[in-house]
Amino acid sequence: MKIDEDDELEHICYNCIDEEYISAEIKIKGKRRKCSYCTRTSKTYSLTEIANRIETAFSEHYERTDPEPSDLEYRLHHEKESSYNWYREGQSVEDILINELGINPKAAKDLHEELANRHSDFDSGAFYETEFDSESQYDPKGFIGERWQKEWQNFEKIVKSESRYFNQQASTYLSSIFEDVEDLKSLSRQPVIVEAGPGTKLNSLFRARVFQQEDRLLETLCHPDNFLGTPPQSFATAGRMNAAGIAVFYGATRQNVALSEVRPPVGSRVVVGRFEILRKLKLIDLKALSNVWAHGSIFDPTFAERQEKTSFLRSLSDRLVMAVMPDHENFEYLATQVVADFLASNQNPEFDGIIFPSVQTEGENSINVVLFHKAAKIRKVKLVEGTNVVASSKVYEEDGEYDSYNVSEILPEKPKTKGGADDMYYHDLYGYIRKHMPIPSDDLRQDTLKVDLENIYVHHVKSVRYKTEKHFVSRHKKEPIDDADLEDGIFTAR
């Protein structure tokens, strides 16, 4: 009878391995044999089979640390006045096997010996350390998503200098980035996709607008649904998440954040209003994306690639919200605009907007939200036809005038006759008056936001406070050097 060579090896059963992925695999694919560690007959893998999987997992997820200090570390370690002590970083192979596989020390020792024998011979072992050597130590690899980073650079090049509209290559690339984004979670298991609207924590937003003309400000106070909400498409300027002519709603979770985002100059007036979210929305949270993590097993063949991708996604979040100088906005926003446009048009899954941290204010709760055009419609304030809406900015008393903003809705006393064009709006001594006349609309989008008429404020910008990081500039004389010795990026004035 032919003896199966595998039967002569030691085996480990799925019950002796706590790691879920490889344990489940053994339970399905393993052969029934006597386990060398618990002595029960069960589904098992031979140590050779397990070692093959460990070797692959180590090559993808671990790297051997340097067995000797570098020249600099060696000098620092031996200098009398230095407090630096060199020690080898990393964990032993057996400790890693115990932690990763959840096996007992005896099984870890046997597997370590199996792996060490594969990579050592008499000559090499005498002169230098080999993989899985008895003294070797390993650290987890740092994933940087190099392939994804290069593809992003190519994507930016395409949309900035070649083609940004109807670009199938860019569309395919973005599809690969955001594929299965709904399944991603941060390191703390927070989802990347957030619900907003009724019954959620994010049920309202603040929006700000800067004014330097009194009549424009008063007009906005009369009809904040028209002039404080989402701008008409003809007035929609380009922003971080939209191209010119695409009207979206930029808001913030706090009033002071909305105020900071519009960068008001000293002396200006800023109207800040609260908008209630009327329906459930699905938003991508870039803050959660910046902490996204791949959860899985090092024995899963797809895990390393998923780690590469999540590493890139963490850096992508920073790219999408990085501060951009005003003079460069139109150019530097091209990539983020294309990303936002892609997400806005995506159908499976369908998204309504993006949550992203403010670059103008610091703090855990300094959050901005952009709602795509399809989710940016403001519900019209209901007024009786013919109502005069009056807004004023001053109150007059015996000792002088004071800033005081008031809006009054003056109901009609009798049916109004059709007036001329000059009756649409006019000024009087008290401020700004506009007659309410319903405007027909062919906008079939669903109402998403409603202005809260009881929460509108006018801020007078008195000063601007900057938080900076100060760096001292040192200056000293040096002996002449050849131009060839100057490093790239060093400029000298002559």
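FYI, it's all coordinate maths here, none of it is from the lab. Here the structure is a predicted model, which is why all the values come from computation and not from measurement. All Cβ positions, glycine included, derive from the backbone under ideal geometry; neighbour counts span all protein chains shown.
So how strong a dipole does region 15-64 carry about its Cα centre when Lys and Arg Cβ are +1 and Asp and Glu Cβ are -1, to the nearest 20 debye?
The calculated dipole for region 15-64 is roughly 560 debye.
My understanding is that a pair violates if its Cα-Cα distance is over 32 Å; which of 157/374; 201/470; 280/394; 280/462; 374/467 do that in this structure?
The pairs that break the limit, which is 32 Å between Cα atoms, are 201/470; 280/394; 280/462; 374/467.
Counting other beta carbons within 10 Å of each Cβ, put 112, 471, 78, 11 in order, fewest first.
471, 78, 112, 11
Let me have the relative contact order for region 1-154, percent, based on Cα pairs under 8 Å that are six or more residues apart.
Contact order relative to length: 22 percent.
Tell me, what ³J(HN,Hα) does each residue in region 454-461 have, in order and in whole Hz, if you take phi through Karplus 6.51 cos²θ - 1.76 cosθ + 1.60 with θ = phi - 60° and put x for Gly and Pro?
Computed from phi, the couplings for region 454-461 are 8, 9, 10, 10, 10, 9, 8, 7 Hz.
Cross-link list 80/477; 287/309; 106/309: which exceed 26 angstrom alpha carbon to alpha carbon? Kindly include the intermediate steps, with their values, before the conclusion.
Numbers: 80/477 32 Å; 287/309 17 Å; 106/309 36 Å.
In this structure, 80/477; 106/309 exceed 26 Å between Cα atoms.
What size of dipole, in debye to the nearest 20, comes out for region 40-82 about its Cα centre when the only charges are +1 on Lys and Arg C-beta atoms and -1 on Asp and Glu C-beta atoms?
520 debye
Calculate the dipole size of region 1-96 relative to its Cα centre from +1 charges on Lys and Arg beta carbons and -1 charges on Asp and Glu beta carbons; express the result in debye to the nearest 20.
Here region 1-96 has a charge dipole of around 780 debye.
Taking one equal scatterer on every alpha-carbon of region 5-140, how large is log10 of I(q)/I(0) by Debye at q = 0.20, 0.21 1/Å?
One equal scatterer on each Cα of region 5-140 leads to -1.15, -1.22.
Rank these for me by crowding, 342, 372, going from fewest to most other beta carbons within 10 Å.
342, 372
Going by how many other Cβ atoms sit within 10 Å of their own, how do 396, 333, 21 line up, fewest first?
Going from least to most buried by this count: 396, 21, 333.
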